[in-house]
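Chemist: Here it is, the structure, as structure tokens.
What follows is calculated from the coordinates using simple rules that are stated; it is not laboratory data. In this text, all values refer to a predicted model and were calculated from it rather than measured experimentally. Backbone-built Cβ (ideal geometry, glycine too); neighbour counts: all protein chains shown.
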Amino acid sequence: MAKGAFFAVLAVATVLSASSAMAEMVGKYTLVSALPRPGATKILDNNRGTVWDVIYPPGMSTGMHRHPVDFVGVELVETMLKVTTPDGQERISPIHRGQIYMLPKGLTHIEENVIGKPQRNSILIELKDAGPHDYANTGKDASGFTAAGAKQVTDNNRVTLWDWTTGPTKTFYQTHDMYLVPMDAGTLTVAGDEPSRALPVANGQVIFLPGGHARMLQATGVRIAVVELK
């Protein structure tokens, strides 16, 4: 073999060896990126979070991935999901439209939409630590989101999650930044200490409302996931 060709082969082998060494393994699985990934579209990014609209074509595996940050999920479709953990254990569970949850940094798994079931569609919000976390209430209105027909789903040190189905809010002082994820088409009216706005909304749209304002929200006939960020 010519000297030049030998060194070319050696260089390629070194690169391949380095790439193999860099690939992180969990058990028998090679880790892939949690996000971005095929089927995931970034729809919003600010100093409080990165928002992804994610589809899961039936039968297509996400690959084994580890979530690098805490994240919130909102499910938009009724379907079935197979999850595989790093030890190889598999479970199949129903996914319900309107499920709202927060899962922790470090969660590691494979997800696969079950073949023959509707295509899963989720909104995933990767949480960031930047930005104000609390806004002092400078007015006379009650602090924090509250509404008739709103059910508190989760309250922890990162978020308060609400499933808001009916009824307008009273005027409240928004002490935390919020994401709103409508699950129906309709109109969201945002009023308060700023000019009133009527926003057309659709299933899976995401709206960010910065804190530090008096708000009154109304969305007749529209189910909305409310994410209060701490």
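Chemist: One quarter of the convex hull surface, Cα atoms only: what value does that give for the range 142-229 in nm²?
Modeler: Across all orientations, the range 142-229 yields a mean hull projection of 4.9 nm².
Chemist: Can you give me the long-range amide H partners of Leu107? Hydrogens built in the peptide plane at 1.01 Å from N, cutoff under 5 Å, separation of 5 or more residues or another chain.
Modeler: His67
Chemist: Expressed as an acute angle from 0 to 90° and rounded to the nearest 10, what is the orientation of the C-alpha long axis of helix 3-22 relative to the principal long axis of the chain?
Modeler: On a 0 to 90 degree scale, this one is about 40.
Chemist: Okay, next question. Let's test this: bin the Cα-Cα distances of the chain at 10 Å from zero up to the farthest pair and state each bin's percent.
Modeler: Bin by bin from 0 Å, the calculated values are 7, 28, 30, 17, 10, 5, 3, 1, 0.
Chemist: In which sequence would Asp141, Asp193 go, from the one with the fewest C-beta neighbours within 10 Å to the one with the most?
Modeler: So the ranking, lowest neighbour count to highest, is Asp193, Asp141.
Chemist: Let me ask something else about it. Using C-alpha positions alone, give me the convex hull volume of the range 29-127 per residue in cubic angstrom.
Modeler: Here the figure is 90 Å³ per residue.
Chemist: Please report Met183, Met60 as a ranked list, fewest other C-beta atoms within 10 angstrom at the top and most at the bottom.
Modeler: Met60, Met183
Chemist: Any lysines with Cα under 17 Å of the Lys170 Cα? List them, leaving off those in the same chain fewer than 8 positions away.
Modeler: Lys140, Lys151
Chemist: Then there's this: Given the Cα-Cα distance of Ser143 and Met25 and 0.36 nm per residue of separation, how much length would full extension add, in nm?
Modeler: 37.8 nm
Chemist: What is the order of Arg66, Arg215, fewest Cβ neighbours within 10 Å to most?
Modeler: Result, fewest neighbours first: Arg66, Arg215.
Chemist: Take the alpha carbon atoms of the range 148-203, find their center, do the same for the range 45-100, and report the distance between the two centers in whole angstrom.
Modeler: Centre-to-centre (Cα) distance: 23 Å.
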